[in-house]
1. For Val118, what charge total do you get from the other residues with a beta carbon under 10 Å from its beta carbon, if Lys and Arg give +1 and Asp and Glu give -1?
2. Give me the extension gain from Asp283 to Phe48: residue separation times 0.36 nm, minus the current Cα-Cα distance, reported in nm with one decimal.
3. What percentage of the solvent-accessible surface of the chain, computed with a 1.4 Å probe over protein heavy atoms, is contributed by carbon and sulfur atoms?
4. Going Cα to Cα from Lys246, which lysines come in below 18 Å? Please leave out same-chain ones fewer than 8 positions away.
5. Place +1 on the Cβ of every Lys and Arg and -1 on the Cβ of every Asp and Glu in region 2-507, take the dipole about the Cα centre, and give the residue among Leu294, Pro84, Cys133 whose Cα lies farthest towards its positive end.
6. What does the charge count around Ser99 come to, taking other residues whose C-beta lies under 9 Å from its C-beta (Lys +1, Arg +1, Asp -1, Glu -1)?
7. If the limit is 22 Å between Cα atoms, which of Lys93/Lys398; Lys169/Lys368; Lys169/Lys475 go over it?
8. For region 372-461, run through the GluC sites (Glu not before Pro) and keep only the ones in DSSP coil with at most 16 other Cβ atoms within 10 Å of their Cβ.
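The values are calculated or read from the model by the stated rules, or taken from the named source; none is laboratory data. Remember, predicted model here, so these are calculated numbers, not experimental data. When we count neighbours, we look across all protein chains shown, and the Cβ atoms used for this are built from the backbone with ideal geometry, even at glycine. Just the protein is used for accessible areas: all its heavy atoms, side chains included, with ligands, DNA and RNA removed. Shrake-Rupley method; radii C 1.70, N 1.55, O 1.52, S 1.80 Å.
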Amino acid sequence: MEYTIIFTLFSIFTCFYIFIIKTGNQKPDNTVRLPPGPYPLPIIGNIFKLGNKPHHSLHTLSVTYGPLMSLKLGNTTTIVVSSPEIAKEFFLKHDISFSSRSIPHAADTHDRNKISMVWLPVGDQWRRLRRICKENLFSVRQLDASQHLRQEKVQDLLDYVQECLDNGKAVNVGQSATTTILNILSNFIFSIDIAEYDSESSQDFKELVWGLMEVGGTPNLADFFHILRPFDPQGLQKRAIHYTEKLMAIYEQHVGQRLQERAELCSSDSTSSSKDLTDVLLDISENEKSSINLDDIRNLLFDLFLAGTDTTSSTLEWAMAELIHNPEKMLKARCELKEVMGKKDGSTCTYIEESDISRLPYLQAIVKETLRLHPPVPFLVPHKAINDVEVQGYVVPKDAQILCNLWAMGQDQNVWRDPQRFEPERFLDIGIDYKGQDFELIPFGAGRRMCPGLPLADRMLHLLLGSLIYKFNWKIEGGIRPQDMDMSDKFGFTLHKSLPLMAIPVKV
Ligand code: HEM
């Protein structure tokens, strides 16, 4: 053990030494006019400016240096975008130039940079994967056809909450939402439940997903100093490999089992209504050989579970926390639900359906306000410049990493009145939506790289949140008053509540 530490330290010092020699020989490039930013220290640059809440620290820095800012994080030039105007320049005007990804070292395993939709550069294979998802998972037709499935899984969640109510037990809102969302996805993909409420086995799958998210959100020396990559000084890539292999093994098992069943039953020509996404993908792989292979399928499933679970469940947790923290907003939301559901079919309907969402403007405003205050992916997934680009008279150099600070944009007093307040009403009179057209609110990104899962996330969020507040009243565990709740956040790949929301359901 001691030898490992000594070896690691020795390697780091050697690398620093080589790095100093290398950079010492480089003349500064005065021809490149980078956007303004804090003065970088030798070697480390501005790393120490990040702190443990980089979205807050970079927001503070942007107040001094402006909404287009540059930093040096180790040897990585990082450009930080903090206003809707600059975001529009990046993801509308120069979208193609900024459409590549800056791949974190921890994610750079198993050739994911060459296979995964999240990390591939914009090109034929990336387009093919996006098209497959759009047509077979996220189209209105597909989403309408799979509505019953989400309804069933929401009912499972409501049954679980009822059980907690009967036993006087608090619900861990984020964890329960994760279970529901995993099962919505796994039923659509494999036709089975992959997670259970309060069970050991579901913890396994959830912990693998959470583990990877945690690794992805930890600042990594190997990302700041590429020369350290072979040493993986914090062991983050090693941990990522461990989680990735375990998750891949689960997908491999399911896909393998399905291949066997198909071979036995010769069921590849079964009616399309009985097919889940695994069947659809295997059909595509068999019929269009050049399109996707089994490795692509496993990686696609990996991406969908990973990108879709934590983002959606943390949004739901924040929305519930804000409503409990602001009881008058909760009351208003429940009044709207009661009124709309009361009018449905002339009698009080017992459950909410996706077709009701369009008649619930206050519920929609709550979701928007939650995503403004607590963007789940606070910097987007880091983009990378493909070439030098001139923006507002400055140069964003080729290979620079681009962080779009959505959290700072949500706090901008020039855009939002009383930005710190949870005020869904602000969205009732303005036409701002999060579909990528209004750059004031882009929690799903905008342009080519925008989240493909938005249509599904949109339905799940409204259905889950509406159902939880229509069916139950909520209070905080331990007799904490709403105004005393801890509402602080914790930085990671997704922006979580520091303290998980433990809420006690109460009969309405
Ligand atoms: C509240 C829920 C969600 C939020 C806030 C969210 C947000 C985002 C953001 C910000 C990006 C990166 C955009 C960029 O870099 O410009 C992204 C990418 C992505 N999201 Fe989502 N997402 C959510 C749910 C989902 C769901 C449910 C799925 C699928 C089941 C999904 C799949 C993906 C994938 C595959 C990518 C990578 C796309 C690419 O690089 O081409 N997301 N998401």
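1. Summing Lys and Arg as +1 and Asp and Glu as -1 gives +2.
2. 79.5 nm
3. The C+S portion of the solvent-accessible surface of the chain is 54 percent.
4. Correct list for Lys246: Lys206, Lys238.
5. Of Leu294, Pro84, Cys133, it is Pro84.
6. Residues close to Ser99 contribute a combined charge of +3.
7. Result: Lys169/Lys368 exceed 22 Å.
8. Here no loop site has a sparse enough neighbourhood.
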